[in-house]
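Written below as structure tokens is the structure these notes are about.
A short reminder: the numbers here are calculations on the coordinates, not readings from a lab. Bear in mind the structure is a predicted one, so any value in this text is a computation, not a measurement. Heads up, the Cβs are rebuilt from the backbone with ideal geometry, glycines too, and the neighbour counts pull from every protein chain shown.
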């Protein structure tokens, strides 16, 4: 299965010169003055994202890069061992930020859900970058905002670069329909009449073939729907959130993979149906 990773603001080093750009001011690389450091480039970003295709079975993706900044070419030819640990404090710190800024909080990813490729890396002579991967069954994280905090626990003879010793990674499982869509259509109310639907909707993975989406234009009122894409590309619409029921008998609900568009016609409230006819087109 295809797997992918999207680590926001991932920093790449192209040469030893770029690696040494953070050496203490006034120190001379050739003379070997100043300290040697290790750092996590992802620490520069408040929340990094690791994405995996939502399908059953273990998937592996690169997650955290560890860099060493050395004070001389001679030091680069030495070996050093660095240890990391899973740390919940980055998750806790983010949740404080999220509460202040009215963002969704994160859940700590249970350690029983995943395995890291290692918690200890050894830089061989000439190496300045090491990568640690995560292995997990993506179906375990679907629909929940799980995250893993990583902290450098021991840098050996090196120092940990100030402010760059911990990073936070949100693990996201997405099916092929997960994404942002442009909704266009009509919401027909039994007494208030028709109103146009013209808005952007985010479809979010629930499992391998189901996404959750705003019903009509009522997401702000807590009305949502579950869209299950069947093998023949027909779509089953079910209620979610405050939505009491769904009637999808008006016409065929289906997904067109060629245009990446949903064609939906449904209603809710049996006594006085509110009827929605809309298309959702992938942006």
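Structure above, values below:
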item: Length-normalised contact order of the chain in % [C-alpha pairs under 8 Å, at least 6 apart]; result: 17
item: Residues 191, 49, 210, sorted so that the one with the fewest Cβ neighbours within 10 Å comes first; result: 191, 49, 210
item: Value of relative contact order over segment 16-174, rounded to a whole percent, pairs C-alpha under 8 Å and six or more apart; result: 37
item: Neighbour-count order for 202, 178, fewest beta carbons within 10 angstrom listed first; result: 202, 178
item: The chain: equivalent-ellipsoid semi-axes (sqrt of 5 x gyration tensor eigenvalues, Cα, Å); result: 49, 18, 16
item: Segment 116-272 - Rg and Dmax from Cα coordinates, angstrom; result: 22.8, 76
item: Compactness of segment 71-129, expressed as Rg and Dmax over alpha-carbon positions, Å; result: 17.6, 50
item: Segment 179-282, relative contact order in percent, only Cα pairs under 8 angstrom and at least six apart counted; result: 26
item: Inter-part distance where segment 73-111 and segment 233-278 are each reduced to a Cα centre, Å; result: 41
item: Degrees separating the helix 89-100 axis from the principal Cα axis of the chain, which is the longest one; result: 50
item: DSSP-defined beta bridges in segment 16-174 - what % are antiparallel, rounded to 5; result: 75
item: Cβ-based exposure ranking for 170, 238, 252, in which fewest neighbours within 10 Å come first; result: 252, 238, 170
